[in-house]
């Protein structure tokens, strides 16, 4: 859903929308999606390190998405295209399930 095969034939790429979109986490698919508010089309954001994303938010000033992962007990961020993925905070328990930027 929303992925394209990279030039190497094994990696996945997706071109994000930078305007008029919503973000949502699907805990069943264990994936974060972006949906166009103009067309209703949605695509998966190419992230590699998540077990069960619950909540997601976007910082338009820096271009980062932030999400909480209750299975991995982390708060993470990445650029909207899925690159530069990193842990922002390790959580001691899964009591934190929401994120707001």
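Bear in mind that the values in this text are calculations on the coordinates, not laboratory data. Here the structure is a predicted model, which is why all the values come from computation and not from measurement. Virtual Cβ from ideal backbone geometry, glycine too; neighbours counted across all protein chains shown.
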- Message: To make sure I understand, if each residue's beta carbon is the centre and we count other beta carbons within 10 Å, what order do 68, 92 fall in, fewest to most?
- Response: 92, 68
- Three-way shape call for region 4-90 based on the alpha-carbon gyration tensor, with the a/c threshold at 1.5: rounded
- Taking the Cβ of each residue in 28, 42 as the centre, tally the other Cβ atoms inside 10 Å and list the residues starting with the fewest. 28, 42
- Query: Which order do 64, 50 fall in if you start with the one that has the fewest other Cβ atoms within 10 Å?
  - Reply: 64, 50
- Contour minus Cα-Cα distance for residue 81 and residue 15 (0.36 nm per residue): 23.1 nm
